[in-house]
Amino acid sequence: MKCIQCGRVVAEEKAVLCNDCFRTKHTCFKSFESHTLLICAPCGSYKYQKQWKLRKPKNEALQESVLNNCDFLIQPEAIELKITLADEHGKVQNGKAILRTETKIEQQTFVEEFELPVKIKYSICDQCAKLKTEYFEGILQLRGENKEMLEKAHEFVLNDASYANKKRVFITKIEEMKTGIDYYYTKQQYLPVIMKKLVKKFKAAGKTHAELFSRSRQTSKDLYRVNASVRLPL
């Protein structure tokens, strides 16, 4: 069968147009919204739809943002995306994405290719910004008279911080006290979690309590910090 428009041989049965001629009359693609992907330089998290998301390889984050900003008239059966980036210029890095689609329309499968602009801007996420200001929402108060056990519990808290960081929870300050150590956490919701871990690991006694520290200017509601107290056994 030959294409009725250009005369080329058409491989598919029942097809009257070749892939190139078919593409001039049909397309799966509607539009692409140009955008800038924000990536946090210190931690690698990225901002999409006004929210910072956990760290991903740069290429994966770019692919997600490109595909989510594509609008299709017909959803392709297969999509292939290749991204190339130019050298960084300050905090900005430009590049391009080659989008290859395979779509079936009117019982004919055809391939299209589109070149889309991509742009990265290196910034700093909300959590990393808080780290620079020693922001905190709660304090873990670790107490104990047994110095050896206190040191082991301290090491446990520091090791747990690596896990907490993946949940975007950070310790912004560590302060040694006469009777123990205080850890300042950026998320108060994590205080009961680390407290329970310490209680289980060291058979300690733990309790949480809220502490009034401010009043909201917008709602006039009281704002509280949650502290967790852990007392190690002798």
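The values are calculated or read from the model by the stated rules, or taken from the named source; none is laboratory data. Predicted model, so just to flag it, every value in this text is computed and none were measured. Here the Cβ positions follow ideal geometry from the backbone for every residue, glycine too, while neighbour counts run over all protein chains shown.
With respect to (1) exposed (fewer than 15 other Cβ atoms within 10 Å of the Cβ); (2) part of a strand (DSSP E or B); (3) among the aliphatic types (A, V, I, L, M), the lone exception for residue 140 is condition (1). Residue check: residue 90 meets all listed conditions (1) in the same structural domain as residue 55 (by TED's automatic domain parsing); (2) among the small types (Gly, Ala, Ser); (3) at negative phi but one, namely (3).
Taking the options 184, 190, 163, 135, name whichever one is loosely packed, with under 15 Cβ neighbours inside 10 Å, of a type in the set (Phe, Trp, Tyr) and either touching a strand residue (DSSP E or B) at 6+ places or on another chain (Cβ under 6 Å) or not in a strand (DSSP E or B) (or both). First the steps, then the outcome.
Details: 184 fails: loosely packed, with under 15 Cβ neighbours inside 10 Å; 190 fails: loosely packed, with under 15 Cβ neighbours inside 10 Å; 135 fails: loosely packed, with under 15 Cβ neighbours inside 10 Å.
One residue alone meets the criteria, 163.
Of all residues in the range 143-154, count the ones that are surrounded by fewer than 20 Cβ atoms within 10 Å (Cβ to Cβ) and in a helix (DSSP H, G or I). Residues flagged as surrounded by fewer than 20 Cβ atoms within 10 Å (Cβ to Cβ) and in a helix (DSSP H, G or I) within the range 143-154 amount to 7.
Please go through the range 166-176 and pick out each residue that is without any contact (Cβ under 8 Å) to a residue 24 or more places away in the chain and touching a strand residue (DSSP E or B) at 6+ places or on another chain (Cβ under 9 Å). Those that are without any contact (Cβ under 8 Å) to a residue 24 or more places away in the chain and touching a strand residue (DSSP E or B) at 6+ places or on another chain (Cβ under 9 Å): 169, 171, 174, 175, 176. The listed residues are 169, 111, 118, and the only one of them that is in contact with an Asp or Glu (Cβ under 6 Å, 6 or more places away or on another chain) and not acidic (Asp, Glu) turns out to be 111. Determine if the range 155-178 includes at least one residue that is charged (D, E, K, R), modelled with pLDDT of 95 or more and touching a Lys or Arg at 6+ places or on another chain (Cβ under 9 Å). No: the range 155-178 contains no residue that is charged (D, E, K, R), modelled with pLDDT of 95 or more and touching a Lys or Arg at 6+ places or on another chain (Cβ under 9 Å).
Looking for something assigned to a helix (DSSP H, G or I) and within 18 Å of residue 229 (Cβ to Cβ) - is there at least one such residue anywhere in the range 203-215? Please lay out each step first, then the result.
Of all residues in the range 203-215, those assigned to a helix (DSSP H, G or I) come to none.
No, the range 203-215 contains no residue that is assigned to a helix (DSSP H, G or I) and within 18 Å of residue 229 (Cβ to Cβ).
So how many residues does the range 71-95 have that are assigned to a strand (DSSP E or B) and surrounded by 14 or more Cβ atoms within 10 Å (Cβ to Cβ)? Lay out the reasoning, then the answer.
Step one: filter the range 71-95 for residues assigned to a strand (DSSP E or B), giving 71-72, 78-85, 89, 92-95.
Right, trim to surrounded by 14 or more Cβ atoms within 10 Å (Cβ to Cβ) and you get 72, 79, 81, 83, 85, 93-95.
Residues meeting the conditions: 8.
Please determine whether any residue of the range 101-123 is outside any strand (DSSP E or B), farther than 30 Å from residue 73 by Cα and at pLDDT below 85. No: zero hits. The set of residues from the range 166-181 being surrounded by 14 or more Cβ atoms within 10 Å (Cβ to Cβ) and in a loop (DSSP other than H, G, I, E, B) comprises 168, 169, 170. Go through the range 117-146 residue by residue and tally those that are closer than 23 Å to residue 165 by Cα, among the small types (Gly, Ala, Ser) and more than 16 Å from the chain's Cα centre (by Cα). Residues meeting the conditions: 1. Give the residue that is nearest to residue 94 (Cα to Cα), with candidates limited to residues of the range 34-66 that are exposed (fewer than 14 other Cβ atoms within 10 Å of the Cβ) and free of Cβ contacts under 8 Å to residues at least 60 places away in the same chain. My answer is 59.
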